[in-house]
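A short write-up of the structure that comes next.
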Amino acid sequence: QMITMPELLDALNQITNDGASKLDILGIETCMTGNMEVAYQINSCVNFFIAYPECAMVGEWPYVAGFNDLKSNPSMTPREFAIAMVNYFVPHDYPQSRMKTTMAATNLSYLPSLGAQVNELAVFFLDHLDEYKTQITTALESARVYARLWYIDYYIDFYDFLDLCTISDPEFTTIRDTIQLTMDTAVIVNVHLVDDPAHGLSIYFPRRAVVVVPSPA
């Protein structure tokens, strides 16, 4: 049975007294949770977030090594522990599943700013869609896609998408540079294969519009 994002936030609000006593670290082992939507949803209740942007494989989360470090050094800060945990992760390429695993930890205090910056980018895209549709589409089609194992294509690496977007408009480049600088600071550790342009957080970016046809009265 799946838990929805509002349900998750409701549970975290109960646990943390509406964010008054934030969790130091929240790790989610299930697939594709290392994305901006999840990070933004929980930022009021959690300081550091560990997750996979990609699909997960059973047994890959480095629990034993990470907790052994904490046992040996109980004075570790939450940031240090999150970094140590992720650094023990060993990424793999699973060609049969069209999947390259990756893991990251994010400082969620930057998510409100990042959310506002992404909103600014969305407004720019909407205002200039006719002018830059080709560049946006080309970058989208070339960006790192997560969760191909499940035959979906709407989770992309946002940082990689911005790298590939060739719009030269100064307004866009300013927004892009600000977003990437925020992401570089927010993602405190990011482990992936050498040839994998994974930057720690995916974003939901559907390639097709959903048209809702009203039923006859």
Per its Cα gyration tensor (rounded if a/c is under 1.5, else prolate when a/b beats b/c, else oblate), region 112-169 is best filed as oblate
So the carbon and sulfur contribution to the accessible area of region 111-217, 1.4 Å probe, in percent, is 57 percent
Averaged per residue, the 1.4 Å probe accessible area of the chain, protein heavy atoms only, in Å², is roughly 54 Å²
For region 53-104, using Cα atoms only, the Rg and Dmax in Å read 12.9, 42
Computed from the beta carbon distance with a Förster radius of 25 Å, FRET efficiency for TYR204 and TYR63 to the nearest 0.05 stands at 0.35
Taking a crude spin-label model, label points 7 Å out from Cα along the C-beta direction, the SER75 to GLU131 distance in nm is 5.7 nm
Only helices counted: for the chain, with every DSSP H run of 4 or more residues adding -39500 (n - 2.57) and the sum spread over all residues, [θ] at 222 nm is -13500 deg cm²/dmol
Sorted by chain and then number, the residues having a modelled amide H within less than 5 Å of the amide H of ASN35, at least 5 places away or on another chain, are SER202
Restricting to aspartates and glutamates and to Cα separations under 18 Å from LYS71, and discarding same-chain partners fewer than 8 apart, the set is ASP24, GLU80
With R₀ set to 35 angstrom, the calculated FRET efficiency between the beta-carbons of ASP93 and GLN180, to the nearest 0.05, is 0.85
Taking Cα atoms only, helix 63-72 is inclined relative to the longest principal axis of the chain by an angle, in degrees rounded to 10, of 50 degrees
Quick calc, the chain, dipole around Cα centre from Cβ unit charges on Lys, Arg (+) and Asp, Glu (-), nearest 20 debye, gives 460 debye
Residues whose built amide H sits under 5 Å from the amide H of ILE25, excluding neighbours closer than 5 in sequence, are ASN47, PHE48
Under the 7 Å Cα-to-Cβ spin-label approximation, LEU9 and ASP169 lie apart by a distance in nanometres of 2.9 nm
Over all Cα pairs of the chain, the Kirkwood radius sets Rh, and Rg/Rh then becomes 0.99
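The values are calculated or read from the model by the stated rules, or taken from the named source; none is laboratory data. Since the model is a prediction, treat every value here as computed from it, not as a measurement. Using ideal geometry, Cβ is built from the backbone for each residue, glycine included, and neighbour counts are taken over all protein chains shown. When the accessible area is computed, the model is the full protein with side chains, heavy atoms only, and any ligands, DNA or RNA have been set aside. Shrake-Rupley method; radii C 1.70, N 1.55, O 1.52, S 1.80 Å.
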